[in-house]
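One structure is given below, encoded as structure tokens.
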Amino acid sequence: MKHEFFLGANYWSRVNNIQMWNRWDEKSIEDDLKKAREIGLNSLRIFLLATDFSDERGNLKREGEIKLRKFLEIAKKYEIVVFPSLIVGHMSGKNWPLPWDLNNRVYTPTAINGAARFISQVVSRFKKYENIGGWILSNEITHVNKPTNLEEFTSWLRELYLVIKSIDPNRPVSIGDSVSYNKPIYLKPENVREYVDYLSPHIYLYDIDPIRHTFSYASIIEYDRSIGKEVLLEEVGYPTSLYDEESHAGFIEVILSAALMLGAKGVFIWCFSDFQREEDEPYLWEPHELSFGIFRSDGSKKPVADVILKFSKLLTEIDSDLKLIERGAAVLVPEHFYKRFPFHNMPVEDEARSFMETFTQAKGASLPITFVREEEEYANLKRYKLIIVPSISRLKTVTWRKLLKWVKQGGTLYYSYSRYATWPHMSASHIWEDVFGVKTSLKAGMIGEPIESIEIKFSKNLYPLKAGDKITYINYKEDVLTSPFVPLDAEIIATCNKRPAIFLAKRGKGHVVFSRYPLELILARSKTLKRIREGYHRIYSALLQLSGIRPLFVCQDPRVETEYVKLSEDYLVALINHSYDEVLTTLRCPKEGEIKWIKWGKVLGKDGEEIRISLRPKSSMFIRFTV
């Protein structure tokens, strides 16, 4: 059975944009869908703009019903799967009216009743269409009206989700809003997973570091997937009026490759086409919205279209479902990140940035890593050999005991300590001695020690780090501090200005590594990053070795993501260059293995366990490998 992956786009008509339903032009729509299929798109997300489809009571308009039927028939002709978005008020920088809810109250019983009436009529009348792939509840409803609290939002979500499932129980339903760890509490995946069938990140990230930039997309996919739900990246893209077309194509290649190898169900690029009618709202005041397309407004292809076509051909080469490998390492997500505790108002935005940087460094060291929640049962921690606690403010008291028990059974724990000037009384842990073999030497009432430029010098060989190796970090976030610690039974393995910086302690069968500096947070807020020269990821390479994790395929270049999955008989290996550099590097693989085929990149030679490869900037390479 061939692997199913929704290679799709968000669709509005190239000729008539958001006005496509009231300016219905069947010929131009068919031309669009023909072009979509020619470049390999197999799915489209469409939008039932409420003003075109509903009356003031929430009843489906007859003319809207007729046009939607025709659209689905055209899509079927070109073998395109359609995902309709049902409640569409917000779109591209404007909130359009919801006829049944003119005041945009959204979460009130009256508004929910109108929405439920509309949804039930659409789903009832169109569920027989085989090329409907799933139902998308809204388009970013939280832009129409931001919920006042988590309970209000989940109540709305639960009620409308159940309306759809009562009519069409077998098709998947998503929320149609960006479910990811860098969003508000009501959109964090832990809080919506019960009322969606797949998680639906809409991701438009910006960064100063091109490597972390695209690794961050991968981190969100892995974070969402790690709670046990399928993931479909519903929106991703950039306007080519702002960014050059070649880099846009490279960006999409990287995202498609990472999504496939991390087990996502698909990607919907924003969006199908640029638009012609620049005088229409909201383009009148949002000119960037005119140029997100795969096609230009004249119908010609941008470079990204060729990326999509070659990716669609790659999918035909995959003759079985992909089986993800077990992740030996996990980033620990504190419970306060997605729940509210009394009088707790720590900066979770910093923690989200730390997650991005941690994932980037881990993948640069070829660590097979995922995310695990603090509330996870102890038994479930046993699947991991390494747990990373990256620059977070604190954990619950019982968690440190649970982690200590896990370490004693053979696990490796790493914690990068952070302290905030604005919350000086907060303590990340209460059992420093028991867990880390250190004790604080901070004087009573002191806020902490400022962090400026620090040079970490290693005093112990810990492969690939050697005694005498140095790594420099520059902190630009003035409210981030540290505390002094002194060893009890811990060994000092690195110093800064001849004072302890990183400690290593043995606990039972396992190890704990403690950095008194918030290394990930410092890097997450740095203005410039010298990843190649400084080799920040080497600490994570050392953690990989210390924990006993042994990946089958390793490329320790911090710019390259190495992913591999099991096919029915072979392995599919992807090397994804997240940088704008041409990369010449080496992939370590099983010595007895053989290459069956290679897509896109260049193999420069093979010598036993090592394959020399060349990767273009922001590109991917796939190898089918027999072991």
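At full extension, LYS323 and ARG57 could sit 91.0 nm farther apart than now, given 0.36 nm per residue minus the alpha carbon distance. In order along the range 466-480, the phi-based Karplus estimate (6.51 cos²θ - 1.76 cosθ + 1.60, θ = phi - 60°) of 3J(HN,Hα) comes to 10, 4, x, 5, 10, 9, 9, 10, 10, 8, 9, 9, 5, 7, 8 Hz; Gly and Pro are listed as x. If you bin all the Cα-Cα distances of the range 226-309 at 5 Å, starting from zero, the percentages per bin are 3, 14, 24, 22, 15, 11, 7, 4, 1. Once the Cα-Cα distance is subtracted from the 0.36 nm per residue extended length, the SER155 to HIS425 segment shows a gain of 93.6 nm.
With 10 Å bins beginning at zero, the pair-distance distribution over Cα atoms of the range 329-547 amounts to 8, 37, 41, 14, 0 %. Translational diffusion coefficient of the range 560-626 (Stokes-Einstein, Kirkwood radius from Cα pairs, 4 °C, 1.567 mPa s): 108 µm²/s.
Set the bar at 22 Å for Cα to Cα. Now go through LYS94/LYS265; LYS382/LYS408; LYS265/LYS323 and name every pair that lies beyond it. Before the final figure, lay out the partial values.
Details: LYS94/LYS265 29 Å; LYS382/LYS408 11 Å; LYS265/LYS323 13 Å.
Beyond 22 Å: LYS94/LYS265.
Fraction of C-alpha pairs exceeding 25 angstrom in the range 6-318: 46 percent, rounded to a whole number. Note on LYS70: lysines with a C-alpha under 19 Å away, same-chain residues under 8 apart excluded, are LYS27, LYS34, LYS35, LYS61, LYS127, LYS128.
Summarising the overall dimensions of the range 496-576 from its C-alpha atoms, the Rg and Dmax are 16.4, 54 angstrom.
Of the listed values (1) 38, 31, 24; (2) 44, 29, 21; (3) 41, 33, 22, identify the label whose number matches semi-axes √(5λ) of the Cα gyration tensor in Å calculated from this model. The value matching this structure is (2). Each of HIS288, HIS248, HIS202 was scored by other Cβ atoms within 10 Å of its Cβ. Arranged with the fewest first, they read HIS288, HIS202, HIS248.
The amide H of SER273, built 1.01 Å from its N in the peptide plane, has TRP12, ILE294, PHE295 as neighbours under 5 Å, considering only residues 5 or more places off or on other chains. Computing FRET efficiency as 1/(1 + (r/R0)^6) for TYR580 and LYS443, where r is the C-beta to C-beta distance and R0 is 45 Å, gives about 0.45.
Normalised by the residues of the chain, what does the relative contact order come to in percent, with Cα pairs under 8 Å and at least six apart? All intermediate terms of the calculation are to be shown ahead of the outcome.
On the way: 1363 pairs, mean separation 73.3, N = 627.
Relative contact order of the chain: 12 percent.
Spin-label pair LYS596-LYS460: with each label point 7 Å from Cα along the Cα-Cβ axis, the two points sit 4.4 nm from one another. Bridge orientation summary for the chain: considering DSSP beta bridges with both residues in this region, about 60 percent are antiparallel. A simple rule links phi to the HN-Hα coupling: the Karplus curve 6.51 cos²θ - 1.76 cosθ + 1.60 with θ = phi - 60°, which for the range 212-217 gives 5, 3, 7, 4, 5, 4 Hz, with x for Gly and Pro. In sequence order, the range 315-331 has phi-based couplings of 4, 5, 7, 8, 9, 7, 5, 8, 9, 5, 6, 5, 7, x, 10, 8, 8 Hz under the Karplus curve 6.51 cos²θ - 1.76 cosθ + 1.60, θ = phi - 60°, and Gly or Pro positions carry x. At full extension, LYS402 and LEU488 could sit 28.8 nm farther apart than now, given 0.36 nm per residue minus the alpha carbon distance. The three principal axes of the Cα atoms in the range 59-181 give end-to-end lengths of 44, 29, 27 Å, sorted in falling order. Each residue in LEU523, LEU315 was given a count of other beta-carbon atoms within 10 angstrom of its own, and listing them fewest first yields LEU315, LEU523. Here's how it looks for VAL81: its modeled amide H is under 5 Å from those of SER43, LEU44, which are all 5 or more places away or on a different chain. Spin-label model, SER453 to SER247: label points 7 Å out along the Cα-to-beta-carbon direction sit 2.8 nm apart.
For a paramagnetic label modelled on ARG533 (point 7 Å from Cα along Cα→Cβ), amide N atoms under 19 Å away belong, within the range 455-472, to 455-458, 469-472.
Compactness of the range 299-441, taken as the C-alpha radius of gyration over 2.2 N^0.38 Å, stands at 1.37.
Taking other C-beta atoms within 10 angstrom as a stand-in for reagent exposure, GLU317, GLU79, GLU289, GLU561 fall in the order GLU79, GLU317, GLU289, GLU561, fewest first. Helices in the chain, meaning DSSP H runs of at least 4 residues, each add -39500 (n - 2.57). Divided by all residues, the mean residue ellipticity at 222 nm is -9000 deg cm²/dmol. Look at the dipole of the chain built from charges on Cβ: of ALA362, ILE167, LEU98, the Cα furthest out on the positive end belongs to ALA362.
Where a number appears in this text, it was derived from the coordinates with a stated rule and is not lab data. Nothing here was measured: the structure is a model prediction, and the numbers come from that model. Every residue, glycine as well, gets a Cβ built from its backbone with ideal geometry; the counts of neighbours run over all protein chains shown.
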